[in-house]
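J.: So that we are looking at the same thing, I have put the structure below in structure tokens.
The values are calculated or read from the model by the stated rules, or taken from the named source; none is laboratory data. The shown structure was predicted, so the numbers you read here are calculated from the model rather than taken from an experiment. Counting neighbours? That spans all protein chains shown, and the Cβs are built from the backbone with ideal geometry, glycine included. What goes into the accessible areas is simple: the full protein's heavy atoms, side chains included, and nothing from ligands, DNA or RNA. Shrake-Rupley method; radii C 1.70, N 1.55, O 1.52, S 1.80 Å.
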Amino acid sequence: MYELRGVTKRYTRGKETVHALDGVDLTIADGDRLVIQGPTGGGKSTLLQMLGGLDRPTSGEVVLDGTDLARLSETRLTTVRSENIGFVFQSFNLIPTLTAQENVETALVPLGVKVRERRERAAEALRSVGLGERLGHLPSEMSGGQQQRVAIARALVKQPKVLLADEPTGNLDEGMRDEIMDVLDTLWKERGLTFIMVTHDSAIARKAPRLATIRKGRLTLTEKAAP
Amino acid sequence: MFFTYLRRELRRRRKAALVVASGLALGIALVIVVTSVSSGMGKAQDKVLQSLYGLGTDMTVTKAAAPAASSSERPRFQFDAREDGDDSEQSSDRVMVQGFQTLAASTVAKVSAQKGVQGAVGGLSLQVLKVSGQFTRGQFQQDGTGGQQGGPGGNGGSGAPQGEVQGGGANFDVNSYSVYGTDVTEPALGPLTSSKITSGRTFRTTETAARVAVADSAYAKEKKLKVGSTVTVKGVKYTVIGVATADSGDAAANLYLPLKQAQTLADAADKVTTIYVQATDSKKIDTVKSAIQKNVSGTTVTTSADLADTVSGSLSTASSLATSVGRWLSIAVLVAAFLVAGLLTSAAVSRRVREFGTLKALGWKSGRVTRQVVGEAMVNGLLGGALGIALGLAGAYAVTAVSPTLQAQLGGGSGGDGGPGGGPGGGFAGPGRQAAAKTLDVALTAPVSVTTVAVAVGLAVAGGLIAGAFGGWRASRLRPADALRRVE
């Protein structure tokens, strides 16, 4: 469970001070599915970085399961990321020289999983996203949708509590977008993950039960009643 | 994962890896070639010095040459007028101590007694001038009646039969050669040690007064001498027991005789011209030199280092080039290669910001990412090292195969009048001074030692580490949030 209290993030750009986040309060329960939307430069990615422990707030608390990520040492924060949080990026962020299976394995390296188990788990994760036949393929040998599936397998292979996705369909065409969203929704439902996604796509945003809109660093939460 | 990732990255970035490795290889190859050529120069110089000194000699002790010889000391040759019709060959030898004043043989013991002296042996260097040939009387031809034989150049007086001397004359050959009197009881020191006996044998320690000689191979060839031949010096016949070939350069003398024989020939009983000294510790040569100069007055002590300073010519020039220009060039290329390797590695990390940011976001610790970068740089460094060693060895091999000839001019300092041999008496000691006026040709080699290869490997590792430090430092400072950068 996430609890954000008065999270502020300021940084300077030249002589100007930018308020990327301005007193954000937000609670995200375990197993929630939250979509974050907003204009470019509004603070969406900054909020995702706070939730993922990739950056620290200027002030405020980012509490995950009772631990304030803002106060953790870099080493502990790295451990939290490696154990609890899975990331899916817009540009897939696969290592171009590693095969699909090896890319998925990179998420298990910091956990100290033995080589054999690592390979088995990576292969299983790829099978779960429909890429059982593509284990030895390099990213350059796969389509955008397939690459994003590899990235999803990499995020989920360590069985995290939280899945953070930064515009996961931003680089995909409409057909691929639906395909990837289906994969993500299915995994969310099956695994009971807390799934937080940043998107520009209004079609996706409209379907979200909880929608956080962020403009000029301020967050507005919209909750739809369950159908 | 470390090695898989490393292998794949190096394969993907093989052009960049090759640039880094080539830069390092060039620097390392230069270091190997310059070091080995310098070592070859050193060996060439040692050879030159050995040809003067012999093996194991650290310094020589001499007495400075006397001022110009007075006319009374000039060599004189006397030939008898022979009877009419006697055209037999006449010859006259002059045996002179070469160039320097002599030292009493007791000085050898005095020098031996000095602290730090392992051994000392005396030698006598001589120059022999042999004039040999025939003298034929002319025939007096009388004008008119009667005839009378006259002496050479004789003229009839008034009233005597008129005529003129026809025919007659002299045909003399002048032969100059050097003789070195060696202490046969101490075969390990002295100039003969720089030659190898290629035929026959060397002196036995018991042959102190024996009439035996060892001939230098070049002289033996010129005079058609071989083991068993006889050479006559000042009327004394010596049997050639061996032929010696100088290891490099010129031999110390044309003929080697037992010291006592040489002293007798030169009327220099118990005299030596040079004392060859071996120190107990090669690092204390200067101390021993000072001790001898202080305790044995009136002598000049010349060390190998003093002698090396007087070597000039292309060997000296090349040696200076190798030690100055070569060394600095190697350092400059190495520093440049290290910098380029470091900057390229750092630039490569910058291009992989999102990749490393992603790994950090996945939970890779900074240390693991840095190790990966350093590992790649190290492999580049080692590749450069292997390439550099191969290039360096090839370069050194090429130098040795071509063996360019360098000239070493020995001495050339202020020369005295010299002896009859006409050589300037430079600052050299012993028989080496005969070579002082000469130019020695020495073939340059470039021997590569294990130490040089070890240094090259060390440099390769250092290059890899420096490049890795640049890249690793950059990688360690990357933030995991960089993984979210949308533009690479």
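J.: So which of A:Thr46, A:Thr40, A:Thr27 is farther than 24 Å from A:Asp185 by Cα and of a type in the set (S, T, N, Q)?
T.: The match here is A:Thr40.
J.: Here is a further query. Hey, does the stretch B:221-237 have a residue that's outside any loop (DSSP other than H, G, I, E, B), touching a Gly at 6+ places or on another chain (Cβ under 8 Å) and assigned by TED's automatic domain parsing to the domain that holds B:Met59? Quick ask: steps written out before the conclusion?
T.: As a first pass, look at the stretch B:221-237 and keep what is outside any loop (DSSP other than H, G, I, E, B): B:221-222, B:230-233, B:236-237.
Add one more test, that the residue is touching a Gly at 6+ places or on another chain (Cβ under 8 Å), and what stays is none.
There is no residue in the stretch B:221-237 that is outside any loop (DSSP other than H, G, I, E, B), touching a Gly at 6+ places or on another chain (Cβ under 8 Å) and assigned by TED's automatic domain parsing to the domain that holds B:Met59.
J.: For B:Leu321, state whether it is more than 20 Å from B:Gly381 (Cβ to Cβ), modelled with pLDDT under 80 and buried (at least 21 other Cβ atoms within 10 Å of the Cβ).
T.: On the way: more than 20 Å from B:Gly381 (Cβ to Cβ): yes; modelled with pLDDT under 80: yes; buried (at least 21 other Cβ atoms within 10 Å of the Cβ): no.
No.
J.: Could you grab me the full set of residues in the stretch B:336-366 that are of a type in the set (Gly, Ala, Ser) and part of a helix (DSSP H, G or I)?
T.: We begin by selecting, within the stretch B:336-366, every residue of a type in the set (Gly, Ala, Ser); these are B:336-337, B:341-342, B:346-348, B:350, B:357, B:361, B:363, B:366.
If the condition is that a residue be of a type in the set (Gly, Ala, Ser) and part of a helix (DSSP H, G or I), then B:Ala336, B:Ala337, B:Ala341, B:Gly342, B:Ser346, B:Ala347, B:Ala348, B:Ser350, B:Gly357, B:Ala361, B:Ser366 are the ones that fit.
J.: Another question, if that's okay. Any residue in the stretch B:154-176 that is assigned by TED's automatic domain parsing to the domain that holds B:Ala215, open to solvent by less than 80 Å² (accessible area, probe 1.4 Å), of a type outside the set (Lys, Arg) and modelled with pLDDT of 85 or more?
T.: Looking for residues that are assigned by TED's automatic domain parsing to the domain that holds B:Ala215, open to solvent by less than 80 Å² (accessible area, probe 1.4 Å), of a type outside the set (Lys, Arg) and modelled with pLDDT of 85 or more, one finds at least one in the stretch B:154-176, hence yes.
J.: Give all pairs with beta carbons closer than 8 Å in which a residue from the stretch A:11-30 that is open to solvent by 70 Å² or more (accessible area, probe 1.4 Å) meets a residue that is of a type in the set (Gly, Ala, Ser) and outside any strand (DSSP E or B); count only pairs at least 6 apart in sequence or on separate chains.
T.: Sorted first by the residue in the stretch A:11-30, then by its partner, the pairs are A:His19/A:Gly217; A:Asp30/A:Gly192.
J.: Output the number of residues of the stretch B:331-341 satisfying the condition of being surrounded by fewer than 22 Cβ atoms within 10 Å (Cβ to Cβ) and either closer than 18 Å to B:Glu9 by Cβ or touching a helix residue (DSSP H, G or I) at 6+ places or on another chain (Cβ under 6 Å) (or both).
T.: Qualifying residue count for the region: 3.
J.: Still on this structure: Criterion first (over 30 Å from B:Lys63 (Cβ atoms), surrounded by 21 or more Cβ atoms within 10 Å (Cβ to Cβ), at pLDDT 80 or above and of a type in the set (A, V, I, L, M)) does B:Leu459 satisfy it?
T.: Numbers: over 30 Å from B:Lys63 (Cβ atoms): yes; surrounded by 21 or more Cβ atoms within 10 Å (Cβ to Cβ): yes; at pLDDT 80 or above: yes; of a type in the set (A, V, I, L, M): yes.
Answer is yes for this residue.
J.: Looking at the stretch A:85-105, which of its residues are open to solvent by 30 Å² or more (accessible area, probe 1.4 Å) and more than 9 Å from chain B (Cβ to nearest Cβ)?
T.: Scanning the stretch A:85-105 gives a single hit, A:Gln101.
J.: Taking the conditions exactly as written (at pLDDT 90 or above, surrounded by fewer than 22 Cβ atoms within 10 Å (Cβ to Cβ) and either in contact with a helix residue (DSSP H, G or I) (Cβ under 9 Å, 6 or more places away or on another chain) or within 19 Å of A:Leu21 (Cβ to Cβ) (or both)), does A:Val80 satisfy them or not?
T.: yes
J.: State all residues of the stretch A:106-115 that are more than 7 Å from chain B (Cβ to nearest Cβ) and open to solvent by 10 Å² or more (accessible area, probe 1.4 Å); if no residue qualifies, say none.
T.: A:Leu111, A:Gly112, A:Val113, A:Lys114, A:Val115
J.: When the residues of the stretch B:352-374 are narrowed to those that are more than 11 Å from chain A (Cβ to nearest Cβ) and within 21 Å of A:Leu111 (Cβ to Cβ), which ends up farthest from the chain's Cα centre (by Cα)?
T.: Applying the filter and picking the extreme gives B:Thr370.
J.: So B:Thr445 ticks every box in (1) of a type in the set (S, T, N, Q); (2) in a loop (DSSP other than H, G, I, E, B); (3) at pLDDT below 70 but one. Which box is left unticked?
T.: So B:Thr445 meets the others, but not (3).
J.: Scan the stretch B:226-244 for residues that are within 19 Å of B:Val131 (Cα to Cα) and either β-branched (Val, Ile, Thr) or surrounded by 18 or more Cβ atoms within 10 Å (Cβ to Cβ) (or both) and report the count.
T.: 6
J.: Still on this structure, please answer the following. Tell me yes or no: at least one residue of the stretch A:128-146 is touching a residue at least 12 places away in the same chain (Cβ under 8 Å), of a type outside the set (Phe, Trp, Tyr) and closer than 27 Å to A:Gly41 by Cα.
T.: Yes, some residue in the stretch A:128-146 is touching a residue at least 12 places away in the same chain (Cβ under 8 Å), of a type outside the set (Phe, Trp, Tyr) and closer than 27 Å to A:Gly41 by Cα.
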